[in-house]
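> After the structure tokens below, expect a handful of questions from me.
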Amino acid sequence: MIFKANYKSVIAIGGFNPTILTPDFLRDYCSFRSDHEPLGRTTPILAEIVYGNIKFLAELNRFQIFLDEIEGFEGIFPIDTMIKYLEVLKYTPLTLFGINFNYQLSDINERIIRQALKNPFQLEKTFGFIPSSVLLSATKPNGDGLSLSELTVTHNLKPEIKNSVRISFSNKILTVNENYELSGLDIDRDRIGAIIENYPVFLENNSTLIKLIGGF
């Protein structure tokens with residue numbers, strides 16, 4: 001099995017003022033530094049700033065930081081920068097904070113993996129956790145029968161943290177997106193630190209999933 005990381009991203013859902021997102025604000029208030037010159041634009045409804053392989057994107061209802069061209073998911077950036085941003089803007093309405101790992105797995109036994117994942121009532125045995133929801137998509141790639149093309153499984157990793165795993169099949173490659181989501185921040189905003197505190201757990205959970213898929 002061959003692993004290839006695509007990107008890591010963090011996202012906050014709430015109410016944001018995109019005009020605040022500027023290179024000066026990131027430098028002076030979020031301690032963000034880069035050797036790259038910033039590219040992008042800032043408007044009242046959308047701000048996008050790119051430093052090499054790092055992109056900041058602010059909209060009226062969400063703020064995201066993307067990190068691509070990576071080898072893996074170790075290191076807490078950009079979670080730490082996102083938290084600094086939110087701590088400075090402590091009166092910004094906030095409901096959700098999450099992180100995504102996106103990667104590809106190739107040189108796998110695709111047929112056996114599809115077979116193992118296609119029955120939603122057996123996924124507890126497959127993944128080792130109790131799903132709270134399962135979504136499946138099936139297509140007829142060759143016109144001779146339905147075949148699993150995408151699966152999304154959601155469960156509570158911890159009482160306050162939801163984990164969703166989306167697995168997509170395409171051309172003998174699996175694309176996996178893992179999302180770890182902390183909600184209810186409109187009630188208790190101080191809980192945003194739980195994402196960093198549990199980051200080692202996310203990495204371990206991710207490693208376990210990759211080994212599980214590779215074991216089919």
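What follows draws every value from the coordinates through simple rules; no lab data is involved. Predicted, not measured: the structure shown is a model, and the values here were computed from it. Reconstructed Cβ throughout: ideal geometry from the backbone, glycine too, with neighbour counts over all protein chains shown.
Okay, residues lined up against (1) under 19 Å from Ser170 (Cα atoms); (2) among the aromatic types (Phe, Trp, Tyr); (3) free of Cβ contacts under 8 Å to residues at least 24 places away in the same chain; (4) part of a helix (DSSP H, G or I):
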position: Tyr103; (1), (2), (3), (4): yes, yes, no, no
position: Arg111; (1), (2), (3), (4): yes, no, yes, yes
position: Gln115; (1), (2), (3), (4): yes, no, yes, yes
position: Ile130; (1), (2), (3), (4): no, no, no, no
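> Another question, if that's okay. Name the single residue, out of those in the range 76-89 being in contact with a helix residue (DSSP H, G or I) (Cβ under 9 Å, 6 or more places away or on another chain) and part of a loop (DSSP other than H, G, I, E, B), that is surrounded by the fewest Cβ atoms within 10 Å (Cβ to Cβ). First the steps, then the outcome.
So in the range 76-89, the residues in contact with a helix residue (DSSP H, G or I) (Cβ under 9 Å, 6 or more places away or on another chain) come out as 76, 79-89.
When the remaining residues are screened for being part of a loop (DSSP other than H, G, I, E, B), the result is 76, 89.
Values: Ile76: 15, Leu89: 18.
So, considering only residues that are in contact with a helix residue (DSSP H, G or I) (Cβ under 9 Å, 6 or more places away or on another chain) and part of a loop (DSSP other than H, G, I, E, B), the one surrounded by the fewest Cβ atoms within 10 Å (Cβ to Cβ) is Ile76.
> Considering only residues of the range 93-126 that are touching a helix residue (DSSP H, G or I) at 6+ places or on another chain (Cβ under 7 Å) and closer than 29 Å to Ala12 by Cα, which is surrounded by the most Cβ atoms within 10 Å (Cβ to Cβ)?
So the residue we want is Phe97.
> Consider the range 46-55. How many of its residues are in contact with a helix residue (DSSP H, G or I) (Cβ under 6 Å, 6 or more places away or on another chain) and part of a loop (DSSP other than H, G, I, E, B)?
Residues in the range 46-55 being in contact with a helix residue (DSSP H, G or I) (Cβ under 6 Å, 6 or more places away or on another chain) and part of a loop (DSSP other than H, G, I, E, B): 0 in total.
> Now, a different point. Could you list, in sequence order, the residues of the range 168-196 that are without any contact (Cβ under 8 Å) to a residue 40 or more places away in the chain and either surrounded by 14 or more Cβ atoms within 10 Å (Cβ to Cβ) or touching a helix residue (DSSP H, G or I) at 6+ places or on another chain (Cβ under 6 Å) (or both)?
Step one: of the range 168-196, the residues without any contact (Cβ under 8 Å) to a residue 40 or more places away in the chain are 168, 170-171, 187-188, 190-191, 194.
Of everything in the range 168-196, those that are without any contact (Cβ under 8 Å) to a residue 40 or more places away in the chain and either surrounded by 14 or more Cβ atoms within 10 Å (Cβ to Cβ) or touching a helix residue (DSSP H, G or I) at 6+ places or on another chain (Cβ under 6 Å) (or both) turn out to be Ser168, Arg191, Ala194.
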